[in-house]
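In what follows, a single structure is set out as C-alpha cells and then discussed.
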Amino acid sequence: MTGAGRGELEGTVRVSEIPAKATESEDPSDGARDDGSADPSAVPAGPSGAEPRAGTVNSGTVAAHPADPLVDSPDAARTLATSALAAEGASAGEAIWQSSPPGSLYDYVKVASFSIGPDGLVDQWSVRAEQLFGIAAERAVGLDPIEAFIDPDHRAEGQRKMAEILDGREWTGVVPVRLPDPVHGGPAVEALAEIYVMPTRAEGGEKAAVCIVVDVRVLRSIETDLAASQAIFGQSPFGFLLIDTELRVRRANERFASTFGGTPDDHRGKGVHDYLPRGEAERVSATLRRVLETGESITDMHITGFVPGSDDRRHWSVNLYRVHSGTGRPIGVAWLGTDITARRAAAREAAAARRNLALLNEAGARIGNSLDLETTARELLDVVVPGFCDLATVDLYQGLLVGDGTPPGLPDGSADLRRVAFASAVSDAPFYGSGQQVAVGAVHHYPFNSPCADALRTARPRRVPAEEGGLVQSTLAVPMVAHDTVVGLAQFARTKGSEPFGDRDRDLAVELAARAAVCIDNARLYRREHERALILQRSLLPPGDPVASGLDIACRYLPGHVSSGRPSEVGGDWFDVIELPGHRTALVVGDVMGRGLRAAVAMGELRTAVRTLAQLDLEPAEVLSQLDEIARGLGTPGGIQQATRAARRPREADLSEVYLATCVYAVYDSVTRRCTFANAGHLPPVLVEPDEAALMLDVPPGLPLGVGGEPFEEVEVELPEGALLALYTDGLVESRDHPLDEGLQAFVGALTDPARPLEDVCDHVLNTLDTHHGEDDIALLMARVQGLPAESVGDWTLPREPRSVGRAREYARGQLLSWDLEPLVDTTELLVSELVTNALRYGEGEIRLRLLLDRTLVCEVWDAGLVQPRRRRARDTDEGGRGLQLVGLLSVAWGSRRTPRGKTVWFELPLPDGETTLADPAEALLSLF
C-alpha cells in the first residue's frame, strides 16, 4: 500500500484505489450470492455497484459518512461518511480536508482500521483498532486475524474468506469476534463486528487488503438512541428546534411547523427575526448567543409574538440548552417551546379574581367604619382609587342628605343630587362624567336622556361614552342600591393608557357600590334616629340656666359626639333643678346605663318620676327608694309588681328588660343653708368652700336604681356662704384611655378658683378635662350658695288658743310693712288667718308661723298634726269648708308637706313688682258663693 507505514495509515487514500464493485462468489450458506448481492437472512451483502463517494482520512482511519446510520447495509461505512458530511452541510462529491476532529458521526461510531499483507497477517494496526480490540500495535502486527479474533468454531470459514479476500474480492459482513469488555475491563467477550474489506496491493504488487471495523453494539446503540431521539423530536407536543451556531434553524418538528405554517423543511435556515417582532427577536438572539457562549441553560423564558394569519398576541415558554458533539464541541442550541397563551390568560383571570377579592375584602374592612354619610362616601373612593380606577365620584340624593323624610329620588332619575365625594389619581384632574364639572358639595341633576339618569331610573350600571379629546376613555355609572332603594350614583373612570372596563370590572363596581350604599343607608337611618333621640333628650333637660332661691346655678350638657368629634349614640345622662316649697331647691344628676334611644326614653321616665316625687316633698332617701321601684318596673309592662314576680322566676327574669341608673339627689334649704344628700351608685358631689381646696363629699353611694333590696342613706351638710357645689356624670371624668381615679383627681384639681363666675368655672373645667372625656355624654351642674338673709325671714311660735289667729294676722301685717309689701297685706292676713284657724281646728301642738321673702313671698304654718289638709268643694248651704278654696284662689301656689314633727301648710304670693297680678280678695270671696 503506497505511502503506508506501520501502526497507522498516514495521509490519504485515493478514491481510484477503491474498487468500484466487489466480487463475491460465496454461496448462500456463507452469507453472499454469486452476483454479489447480500442474502437478507444472512450477513449484509457488499456494495451494489454504486460509485463510492469521497471521504476523509484522519490518522490512518478511513471514514465515510453513511446516508442513513440506522440501516445495517453492505455499504455501511460509505453511507456513514455520506451522512456525517451531509450533517455538516456538505454537498455530494464535495471533499472536506481538515486535521482537527470534525465532530461528526465518527466521534460516536469509533471506526477502526487495519491492513492485511499478502501473507494474510496483520500488516498495519490503527489507534482506533487498539481501542476497539484492546491489543497494542506492536503485538497486533504479524498476527493472523483469523486465529486472533475469530471464534474457533468459525475459523475454517474465516480462512476461506481470507483466501477470497487475498484473491482480490471485496467483502462486507458481520462476523463474531472476541472483544475486551468495554464496561468492566474484564476478559474478552463475544461480540459482533461489522467489517468492510477493500482489496488493495502492496508495494511489490502482491494482493493485500484494508479492513474497516465497527462494533455492531455501538451501531445498535446509536440506532436505538437515534430512533428514540427521532420519536421524541417528531412526536413531542412541544415546538422543537435545533439551532446552529449561526442562529439558524437546522431542524424543526411537526409541532413547530403546525404553529408557524409549512413543513418542517420549510423552516430550515430561518432565524428568530422571521418569527418574532424586532425587539423581541433581538432579546431572544442575545439569549441564544449567551447560551452558546456560556452553556448556561435557560428555563421558562417567556416570549411574546404572533403567528401567521392571526393578529392575536401569543405567549410561549421556551427552554434553551446547548448541544455538543461527541468531542464536546458546541454545535448549536436546542429550543423546546410550548404555547402558554391560554395559561397566561388563565393566570390573568386568576390574578384578576384575587385582586377583586382583595379589593372586596379591603372594602369590607374600610367602608362603613363611620356612621356619617360623607365619610362613608369618601371611604368608598379611598378603596377604588387608584386600585380599581383613576377617577371616581359619589353623588347622593339631596332629599336623603337633608333628612326631611321625602323619598330619596324621583322615578325618572332627575331628582337633585349632591356631590359628596371626589377622588383622582391623575394629578387632581377634573372629572366631567356628564359633560359638566360639578364641585364637591354642589347640588345638581343629570339630564333625563343621559346615561347617568338612565342608571338611576333602572338601577342598572351604564357605560358613559368618552368625550372627544378628553382624558377619560372608559366610565361606569353605577347606581348605589340599598334595600331596593337607589340612594345615589357612583361613577368610576379610567384614563387613556389604562385598560377599559370589562364585564368583570362592571360586576365588581356594582358590588362595591352596593356595599357602600348599604353603609350609607345605615348612616342615614342612624342620623335620623340620632337626631330624633337628641331632640327627645334635649326636650327632657331644663331649658336654659335654671333659677333657684339662694343658689347661683350654671350647667353644661354635651353629647358624646360633640366632645369627641365623631358620631355617637345618645346617652341617658340628665340633670334637673326643682324648686320646692319654702325656698328650697332639689338638685338632681343621673345617668341611665346604656346608650341609644332606649336609654334616652328611660332617662325621660326617671326624670319625670323625680319631678313628681319632688313635688310630694319627700325626703331624699325616700325619693331614691321610690325611683328604685320605678326603675325596676320600667322593663316590664305590668310595672313593679310584675317585675318582682318575674325576678322570682329566672326564665321570666331573662326575658324582662333591666334598666339600671345612678342618681344623686340633694335638697338645699336656703334659710338654713343646709343640704341633704342621698346617692344611688353615683359619683360623689364635690364641694369647694371659700379659701379651701376642693373635696369630694363622703356620701354613701348605695346601689344603682333598678337593683333594689337596700335602703338609701342621707347625709346633711351645712354649706357656708359662697361655697361651690358640683354634681356631674361619669362622662366628665372617665374614658377608655383614662381611669376613673385619674379623672376624679383632675376634676378636683380643676376647681381652683370657685370665686370666678360660674359660667367661666364650667368652661374652665371642660377645657381642662378635654383629654379625659369624649366617648360618653357629659352633664355638669354647679351651684354657688347664696343663703337667704336673716332679715328676709319672719318666724313666730303661737300657742294653741283662739287668740293666736289675731296675733298671726298682726305678725304678718307688721312683717310685710317692714318689707314695704303693703299691697300684699290684706291678702296675706286673710290667708294666714285661714291656715292658722285650720291648724287650731284640725292640728295638734304649738303653731309656728314663718314668712320668707325672696323672689316670692312664702307663708308657712306648722303644727304637730299628721292629718294633711284636703281641699273640697263646699255646698251653697254650708257655713264653712271654703278656706282652702280661698287659699287656692288668692295664691299662685299652695300645698302641704310632712315634717319630722308633723306637717306644714304653705302658700306663695308674687311680689308687687312681678308680672303676676294678685286676685282681689273681695271678688275671690264672692266667687265662692
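Among the residues of region 281-332, what is the count of those that are aromatic (Phe, Trp, Tyr) and more than 19 Å from Ser229 (Cα to Cα)?
Number of matching residues: 2.
So which residues in region 777-805 are part of a helix (DSSP H, G or I) and either in contact with a Lys or Arg (Cβ under 7 Å, 6 or more places away or on another chain) or surrounded by 12 or more Cβ atoms within 10 Å (Cβ to Cβ) (or both), if there are any at all?
Ser792, Ser804, Val805
Of the residues in region 316-346, how many are closer than 19 Å to Ser236 by Cβ and not basic (Lys, Arg)?
So the count comes out to 18.
Within region 648-659, restricting attention to residues that are surrounded by fewer than 21 Cβ atoms within 10 Å (Cβ to Cβ) and closer than 22 Å to Gly590 by Cβ, which residue is modelled with the highest pLDDT?
Here the answer is Val658.
Filter the strands (runs of 3 or more DSSP E) completely within region 298-364 down to those with at least 2 residues that are charged (D, E, K, R).
So the answer is 314-324.
Just to check your reading of the model, which residue among Arg463, Arg504, Arg457 is closer than 26 Å to Ala352 by Cβ and either surrounded by 14 or more Cβ atoms within 10 Å (Cβ to Cβ) or without any contact (Cβ under 8 Å) to a residue 40 or more places away in the chain (or both)?
Arg463
So how many residues does region 713-759 have that are farther than 18 Å from Tyr668 by Cα and in a loop (DSSP other than H, G, I, E, B)?
15
What's the total number of residues in region 299-341 that are loosely packed, with under 13 Cβ neighbours inside 10 Å, modelled with pLDDT of 90 or more and of a type outside the set (D, E, K, R)?
So the count comes out to 2.
Which number in (1) farther than 30 Å from Val109 by Cβ; (2) assigned to a helix (DSSP H, G or I) marks the one condition that Glu293 misses?
Tallying (1) farther than 30 Å from Val109 by Cβ; (2) assigned to a helix (DSSP H, G or I), Glu293 fails exactly one: (1).
Out of region 677-711, which residues are over 25 Å from Pro757 (Cα atoms) and of a type in the set (Val, Ile, Thr)?
Once the filter is applied, which keeps residues that are over 25 Å from Pro757 (Cα atoms) and of a type in the set (Val, Ile, Thr), region 677-711 yields Val699, Val707.
Starting from region 162-176, take each residue that is over 20 Å from Glu194 (Cβ atoms) and list its partners that are modelled with pLDDT under 85, counting only C-beta distances under 8 angstrom and pairs at least six apart or across chains.
Listed pairs, sorted by first residue: Gly168/Thr23.
Being assigned to a helix (DSSP H, G or I) and buried (at least 20 other Cβ atoms within 10 Å of the Cβ) is the filter; apply it to region 575-600 and report the residue that is farthest from the chain's Cα centre (by Cα).
My answer is Ala600.
Of all residues in region 713-739, how many are of a type in the set (A, V, I, L, M, F, W, C) and either in contact with a helix residue (DSSP H, G or I) (Cβ under 7 Å, 6 or more places away or on another chain) or without any contact (Cβ under 8 Å) to a residue 12 or more places away in the chain (or both)?
The qualifying residues number 2.
May I ask you to list pairs of residues, at least six apart or on different chains, whose Cβ atoms are under 6 Å apart, with the first in region 828-852 being within 28 Å of Pro789 (Cβ to Cβ) and touching a residue at least 40 places away in the same chain (Cβ under 8 Å) and the second being hydroxyl-bearing (Ser, Thr, Tyr) and in a strand (DSSP E or B)?
Taking only residues 6 or more apart or on different chains, the pairs are Glu846/Thr797; Arg848/Thr797.
Condition check: assigned to a strand (DSSP E or B) and either closer than 23 Å to Ala523 by Cβ or in the same structural domain as Asp507 (by TED's automatic domain parsing) (or both). Does Pro479 satisfy that?
yes
Return a yes/no flag: does region 767-774 have any residue that is closer than 19 Å to Met593 by Cβ and in contact with a Ser or Thr (Cβ under 7 Å, 6 or more places away or on another chain).
Within region 767-774 (the criterion being closer than 19 Å to Met593 by Cβ and in contact with a Ser or Thr (Cβ under 7 Å, 6 or more places away or on another chain)), the answer is yes, since at least one residue qualifies.
Only one of (1) among the hydroxyl-bearing types (Ser, Thr, Tyr); (2) farther than 27 Å from Ala346 by Cα; (3) in a helix (DSSP H, G or I) is not met by Ser258, so which one is it?
(2)
Take Ala202 and tell me if it is farther than 25 Å from Ile146 by Cβ and out of contact with any helix residue (DSSP H, G or I) (no Cβ under 8 Å at 6 or more places or on another chain).
It is false that Ala202 is farther than 25 Å from Ile146 by Cβ and out of contact with any helix residue (DSSP H, G or I) (no Cβ under 8 Å at 6 or more places or on another chain).
The values are calculated or read from the model by the stated rules, or taken from the named source; none is laboratory data. From a predicted model like this one, the values you see are computed outputs, not experimental measurements. So basically every Cβ, Gly included, is an ideal-geometry build from the backbone, and we count neighbours across all protein chains shown.
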